[in-house]
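First the structure, in the form of structure tokens, and then the observations on it.
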């Protein structure tokens, strides 16, 4: 009962947040379509149709609708090759009944259809797998099936999984201090944090992730990573290796969950330090080459050539769905156990909802964060990888459904997208279960 | 007789140039191997093993030996997708008699073997096709068969070919002024140059291409293109579109050949303007997708998203060889006429050796430059695509031989590589013809 009350409160808060952002301050998905607007078309593109890194236009809406599908044209990136392995074919069984699936947005409001939700969430592409078959696939804006899109913090779930694999193999001790592996962090906030606290983001660090605050530390982070332009005369750090050791402690580690991208960057550093390889190399060897991916992926690198493990990965949408399906299948894929089943089981068990509660995620009541995945603890066993502006891998084991979505919403925080995303995903899962049950009855 | 004397004089000049550069100021290929040196290995790489764009280390030797195989990790790039077409398999018929082929370097000196020439030229990778079969393939330094390497000015030959195709189709008038298509260039040196003068680089422009002179205009060009770091407080142009209109005239167009990369950049601009597409899109649709390439290629883009048509292309080595073979086969490939035979024939006929003579290419006596290809006018009909630091596609129609080479020499100008490259290529061609003749006799 206590949990239910907290959940209701969270829903009300979410509704309030939703109401605040619902003011028509941004053009809708159609009006902001980067192809219709002609961004970056022409020789040269007209000045008001250019998207560039240096002037910050790549982060302004609606220019970002072009940028998120063209990241490598803006920043240096390293390839993550698919290798010579056989393509994992995703069989097609497309359904026409999905667009009409309807749901009530979180926090109330009129019912909405699945099709309407795609535009409301500024979707760039969405693929739904049911039992491994593509039952729905759409592209909008600047994304195509052949293109790649930045996955933002969905990247974290890849590196969290890799770190969990290293823990499973005994190469990384989750009870050890981070500074055991990375002495450079001894005098930083991470010096006395354990690997487990890092992977579950229960560290206490002075680091604001509020994208709308230009003074938030997330912007120091972004400038160091090469993800935000440098102001004239900038003298600050120019790589993750230089920036991360400067982060200060702000409370007691382990007390509660606070989502901070710096933890993920240290996680990627741990993966490199423990394996002796680059982050992109580990991701390629252990996951991408084994996925039967359609496309090479790529990842942004900083000025030291270091991959941005907190948010630099770019992939094709169907390949992102393949990774989700691999997780749904508990790490087994094409006859290989790519990720140990115990690692996936541990991720799905999740972390502590108690510790998660005060993390500010009002749209995720009862959820937890573990190994850089978001765990719902709901009756479908849903778990999710999430990235700003609408990037997501949503895995519903009970409905045997995986959704991969790329987006380019005007709002960084998914709190503004969840009200019209999570109920849509749930409604589709229930629809799949119901139509399956109907079929069974008719048999 | 007059031509022969000029040729001899050129050889003497080349020998003198060669003697000058032969001073042991750079470590040899083995001592400068970027893998042995451990460039960019470690988390972070040690300070003296880093290669970065911002500090200019990517252009210093031996760091450039890493950089030329990792260009996209340093700069923004656009993909050139191979598409879903069937791979063009290059059959293998590797020969063991090639390493021992010997030759006398241009300008004299002791005889040298083919194998020795590879190290002397700081080769990163070399593939030899004979009648379309791979008879020799080696990789060194930071390059692998799966990797990509910057092709530098070999890029020009791709866009020169595309421009020649547009001329052939009547979409581009070679007798028209460049300013007919690009009015923005009316007040620049290019304003009263014809398309033909541009494609053959007989324009007269104030533009020094001397890489060793920090005040040469090639560095203004490189800074505008995003190919060289910007000094603090830089206020100059930041794109090709802003830079090219500033170039001034310096003499009379059409008088003689002077190799200037700015011409190639304007050529790529013409290709965009005439087709209404981006340079990478045209290259992808008209060549790369039809090549049955093994890999996606990629090309550096400037801050306006414009591809650097003078030198930004990066490819896998075997794909570069495929393009050479397509040219050797007069544009016919996999049952398709990818490039009109008349276009290839025109390229092979070449330009004016008279106009070429004073261009400063002492190692290329009797050659000419046409549609951004280098034509030998020798008895084998050799023609070549050439890029700084050793990039080359060398096509010998008589010997039915194509050589694709990537390199990372300490010297930008191929004048320093030609003495141990061109005679090696010729010796191999003669060896192939001789062993063929031997076989025919034995039959």
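The residues of region A:290-310 that are within 11 Å of another protein chain (Cβ to nearest Cβ) and over 19 Å from residue A:199 (Cα atoms), listed by number, are A:294, A:295, A:296, A:298, A:299, A:300, A:301, A:302, A:303, A:304, A:305, A:306.
Of the set (1) within 22 Å of the chain's Cα centre (by Cα); (2) more than 25 Å from residue B:226 (Cβ to Cβ), all apply to residue A:70 but (2).
Results for (1) in contact (Cβ under 8 Å) with a residue 40 or more places away in the chain; (2) under 19 Å from residue A:315 (Cβ atoms); (3) in a helix (DSSP H, G or I), shown as yes or no for each residue.
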residue: A:100; (1), (2), (3): no, no, no
residue: A:110; (1), (2), (3): no, no, no
residue: A:124; (1), (2), (3): yes, yes, no
residue: A:128; (1), (2), (3): yes, yes, no
residue: A:134; (1), (2), (3): yes, yes, no
residue: A:143; (1), (2), (3): yes, yes, no
residue: A:159; (1), (2), (3): yes, yes, yes
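Of A:330, A:334, all but one fail to be surrounded by fewer than 20 Cβ atoms within 10 Å (Cβ to Cβ), within 20 Å of residue A:156 (Cα to Cα) and touching a helix residue (DSSP H, G or I) at 6+ places or on another chain (Cβ under 8 Å); the exception is A:330. Restricting B:184, B:209 to those that are away from chain A (no Cβ under 14 Å) and either touching a helix residue (DSSP H, G or I) at 6+ places or on another chain (Cβ under 6 Å) or assigned to a loop (DSSP other than H, G, I, E, B) (or both) reduces the list to B:209. For region A:69-85, the set of residues classified as more than 8 Å from chain B (Cβ to nearest Cβ) and in contact with a helix residue (DSSP H, G or I) (Cβ under 7 Å, 6 or more places away or on another chain) consists of A:80, A:82, A:83, A:85, listed by residue number.
Among the residues that make up region B:384-406, is at least one of them touching a residue at least 60 places away in the same chain (Cβ under 8 Å) and surrounded by fewer than 18 Cβ atoms within 10 Å (Cβ to Cβ)? Yes: one or more hits.
Do the conditions hold for residue A:359, that is, is it touching a residue at least 24 places away in the same chain (Cβ under 8 Å), farther than 24 Å from residue A:407 by Cβ and in contact with a strand residue (DSSP E or B) (Cβ under 8 Å, 6 or more places away or on another chain)? Against the criterion (touching a residue at least 24 places away in the same chain (Cβ under 8 Å), farther than 24 Å from residue A:407 by Cβ and in contact with a strand residue (DSSP E or B) (Cβ under 8 Å, 6 or more places away or on another chain)), residue A:359 does not qualify.
Considered as a group, the residues in region B:337-355 that are part of a loop (DSSP other than H, G, I, E, B) and over 17 Å from the mean Cα position of the chain (by Cα) include one that is surrounded by the most Cβ atoms within 10 Å (Cβ to Cβ), and that residue is B:339.
Listed conditions (1) buried (at least 18 other Cβ atoms within 10 Å of the Cβ); (2) over 18 Å from residue B:26 (Cβ atoms) are all met by residue B:121, apart from (2).
Against the list (1) within 26 Å of residue A:283 (Cα to Cα); (2) more than 11 Å from chain B (Cβ to nearest Cβ); (3) free of Cβ contacts under 8 Å to residues at least 24 places away in the same chain, the condition residue A:96 fails is (1).
Considered as a group, the residues in region A:412-434 that are surrounded by fewer than 23 Cβ atoms within 10 Å (Cβ to Cβ) and under 14 Å from the mean Cα position of the chain (by Cα) include one that is nearest to residue A:383 (Cα to Cα), and that residue is A:415.
Restricting region B:36-62 to residues that are more than 12 Å from chain A (Cβ to nearest Cβ) and within 26 Å of residue A:54 (Cα to Cα) leaves a set whose member that is surrounded by the most Cβ atoms within 10 Å (Cβ to Cβ) is B:59. Could you please find all residues in region A:212-253 being surrounded by fewer than 16 Cβ atoms within 10 Å (Cβ to Cβ) and either within 12 Å of chain B (Cβ to nearest Cβ) or touching a helix residue (DSSP H, G or I) at 6+ places or on another chain (Cβ under 6 Å) (or both)? Correct list: A:230, A:232, A:233, A:234, A:235, A:248.
Note on region B:145-165: residues that are within 14 Å of chain A (Cβ to nearest Cβ) and surrounded by fewer than 24 Cβ atoms within 10 Å (Cβ to Cβ) total 3.
Taken together, the residues in region A:356-384 that are assigned to a helix (DSSP H, G or I) and under 16 Å from the mean Cα position of the chain (by Cα) amount to 0.
FYI, it's all coordinate maths here, none of it is from the lab. Nothing here was measured: the structure is a model prediction, and the numbers come from that model. Glycine gets a Cβ as well: all are built from the backbone with ideal geometry, and neighbour counts include every protein chain shown.
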